[in-house]
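> Below is one structure. I have some questions about it.
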Amino acid sequence: MRLSGSSLSVRNMAIRELSSLEKYLGLKKPNKYTTQGDKKVPVLQNNDGPPLVGLVTVGCHLVREAKRPELLGDGAEGRALVQQWLEYRVTKVDECSKEDTRTILKELNAYLEDKVYFVGNQITLADFFMYFGTHSLIVGLSVQEREQLYQSCGQQQQFEHQPLSQEIRDGLQSVPLPPLLMLRATA
Amino acid sequence: MKLFLSEGNPHCLKALAALVVTQAKCEVEYVNLEGKVVPFLSRPALPALMLPSGQVLFTSNAICRYMFEISGQESSAICDQWLEWEATNLQPALVQALHAAVLQGRGSEVPKIIQGPLNYLDQNLSKGKTTYLTGESVSAADIALWAALFPLLSDSTVTTGEHKAVTLWFNHVNGMSACQLSAQKVLQGKGLQGMKSYMQKQPQSSHSREVPPSTS
C-alpha cells in the first residue's frame, strides 16, 4: 500500500468531521455512526430508510436535515460545483500520497486565486470539507516539507495550517478542527 | 454549454451517455488526450463541461448529476450515495483491473481485483429488487456505473466472475440506445484495446496502488 499516513488518518477522522458538521449546523441530537469496510467509510443508521454510507452522502443528508439547502449550492450550477469539490475531497485529497500533496495544494491555490469561497459568494459544504481535508494534508507534512511547499506555492506564513481564505476560516471558526496531536507525532 | 471529450476514456463515456439520455442542449467537442480545458488543474482532465456561467465542471459524476438535474431529475440521497461509492470504491479497483487487462496482458487477474466491488453491487441490487439502482427509472448513478463498468463487462475476452443481479441491471442500461450510441462514439467499438492510449497516460502512482479487498 502506498497510501500516506495522512490519508489513513483522514479516514479515521471522518466521523469526527461529521460530528463537527452537526455542531456547525446546530443539530440538537448527535447521531451515532458506525464504519464499513477497510476504508472505514462512515455509516449513518437512518430512521427513515436504509443506512446512508459515505462522508459526502452523510454530510449532504445532515445539511438537508438541518434545512440549510444553501450549503449545498445555489441553483443547478452551484449544486453541481459543490458536488464536484466534495468528490475532489474524497477522491483526490483523501487519496493523496505525500508526493502529490504539493500538486493538490498548487491546484487549489490556482483555483482560489480570484475566489473567496470554493463555490459562489457564500460558504458551502465544499468549504467545510475542503477545510478539514487540506488541514490534514498540511499537518501531515514535516516542517521541512511545509517550508518547501510554501516556497513552491509562493505563499506566506499565514498559509501555516490552512491554504484557504480568511473568509472561509472566519465562517468556520465555530468548527473545532480535529485534534492534531497524533498527526503531529507522525509529521 | 459545451462538453469536451476525448476518445477511449470511460469517464467521457459517462458524460456523453448522460447528455444523450437527458437530451440536454449542449455542444460537444472532441479534443486529444492531452487537451487542457481546465486551466488550474495540473493534469489534463476530461470530460470537462463548460457551464453557461463560464465555470467548468471537471469530474464526470458531477457532470452526470448536473445533466439529470437540468432535465428535471434532481439527485436523491441514494443516487448520491452510488456516485460517491463509484468514485471512492469502484474506481480504484477499476483502474487497477484495466491496467492489468489493457496494458499488462494479465486479464486473468481481473476477477480477483474487481470481485469486492462487484459483490457489493450485486448484493445491493438483489436486495433492492428494482430495475435500476435508485428505482424504476434510470438515474445519474446508473449511467455513471454503467459507463465505468462498460469496458470490462462488455468485453468477452475478460471474465469478471458471476454476478447475476449486476448482469441483469447492466443489460438493462446497456440496452438503451443512448448508451449504445455513446459507447460507439467514445470507445469506437474497439473494446478494451480502444482504451490503450488513455490508460498509458494515467499516472503511474494510481496504477501501482494496491486496492484493499474492501467490501464497502
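> Under the condition of being in contact (Cβ under 8 Å) with a residue 12 or more places away in the chain and either within 16 Å of the chain's Cα centre (by Cα) or open to solvent by less than 10 Å² (accessible area, probe 1.4 Å) (or both), which residue from the range A:89-100 is farthest from B:GLN73 (Cα to Cα)?
Filtering the range A:89-100 down to residues in contact (Cβ under 8 Å) with a residue 12 or more places away in the chain leaves A:89-90, A:92-98.
Restricting the remaining residues to those that are either within 16 Å of the chain's Cα centre (by Cα) or open to solvent by less than 10 Å² (accessible area, probe 1.4 Å) (or both) gives A:89-90, A:92-97.
Working: A:ARG89: 25, A:VAL90: 24, A:LYS92: 28, A:VAL93: 29, A:ASP94: 30, A:GLU95: 31, A:CYS96: 33, A:SER97: 37 Å.
Going through the qualifying residues, I end up with A:SER97.
> Going through B:LEU49, B:LEU41, B:LEU3, B:LEU13 one at a time, which residue ends up being away from chain A (no Cβ under 14 Å) and in contact with a helix residue (DSSP H, G or I) (Cβ under 8 Å, 6 or more places away or on another chain)? Talk me through it step by step, then tell me what you get.
Working: B:LEU49 fails: away from chain A (no Cβ under 14 Å); B:LEU41 fails: away from chain A (no Cβ under 14 Å); B:LEU3 fails: away from chain A (no Cβ under 14 Å).
From the options B:LEU49, B:LEU41, B:LEU3, B:LEU13, the qualifying one is B:LEU13.
> Output the number of residues of the range B:52-77 satisfying the condition of being under 22 Å from A:GLU107 (Cβ atoms), in a loop (DSSP other than H, G, I, E, B) and either facing chain A (nearest Cβ under 9 Å) or touching a Lys or Arg at 6+ places or on another chain (Cβ under 6 Å) (or both).
Total satisfying the criteria: 4.
> Scanning the range A:26-49 for residues that are loosely packed, with under 10 Cβ neighbours inside 10 Å and charged (D, E, K, R), which turns out farthest from B:GLY116 (Cα to Cα)? Lay out the reasoning, then the answer.
Let us first name the residues in the range A:26-49 that are loosely packed, with under 10 Cβ neighbours inside 10 Å, namely A:26, A:28-29, A:32, A:47-49.
Then drop every residue that is not charged (D, E, K, R), which leaves A:28-29, A:32, A:48.
Working: A:LYS28: 37, A:LYS29: 35, A:LYS32: 26, A:ASP48: 28 Å.
Restricting to residues being loosely packed, with under 10 Cβ neighbours inside 10 Å and charged (D, E, K, R), the top hit is A:LYS28.
> If you check B:VAL31 against the conditions, is it more than 9 Å from chain A (Cβ to nearest Cβ), β-branched (Val, Ile, Thr) and either within 28 Å of A:ARG64 (Cβ to Cβ) or touching a residue at least 60 places away in the same chain (Cβ under 8 Å) (or both)? Talk me through it step by step, then tell me what you get.
Details: more than 9 Å from chain A (Cβ to nearest Cβ): yes; β-branched (Val, Ile, Thr): yes; either within 28 Å of A:ARG64 (Cβ to Cβ) or touching a residue at least 60 places away in the same chain (Cβ under 8 Å) (or both): no.
For B:VAL31, the condition - more than 9 Å from chain A (Cβ to nearest Cβ), β-branched (Val, Ile, Thr) and either within 28 Å of A:ARG64 (Cβ to Cβ) or touching a residue at least 60 places away in the same chain (Cβ under 8 Å) (or both) - is not met.
> With respect to B:LEU192, is the statement that it is within 18 Å of B:PRO111 (Cβ to Cβ), among the hydrophobic types (A, V, I, L, M, F, W, C), modelled with pLDDT of 85 or more and open to solvent by 30 Å² or more (accessible area, probe 1.4 Å) true?
Values: within 18 Å of B:PRO111 (Cβ to Cβ): yes; among the hydrophobic types (A, V, I, L, M, F, W, C): yes; modelled with pLDDT of 85 or more: yes; open to solvent by 30 Å² or more (accessible area, probe 1.4 Å): no.
So B:LEU192 fails the test.
> Continuing with this model, one more query. For A:LYS67, state whether it is farther than 20 Å from A:PHE132 by Cα, away from every other protein chain (no Cβ under 11 Å), open to solvent by 20 Å² or more (accessible area, probe 1.4 Å) and modelled with pLDDT of 90 or more. Show your work before the answer.
On the way: farther than 20 Å from A:PHE132 by Cα: yes; away from every other protein chain (no Cβ under 11 Å): yes; open to solvent by 20 Å² or more (accessible area, probe 1.4 Å): yes; modelled with pLDDT of 90 or more: yes.
Yes: the conditions hold for A:LYS67.
The values are calculated or read from the model by the stated rules, or taken from the named source; none is laboratory data. As the structure is a computational prediction, the values presented were derived from the model and not from experiment. Ideal geometry is used to build each Cβ from the backbone, glycine not excepted, and the neighbour counts take in all protein chains shown. Accessible surface areas use protein heavy atoms only, side chains included; no ligands, DNA or RNA. Shrake-Rupley method; radii C 1.70, N 1.55, O 1.52, S 1.80 Å.
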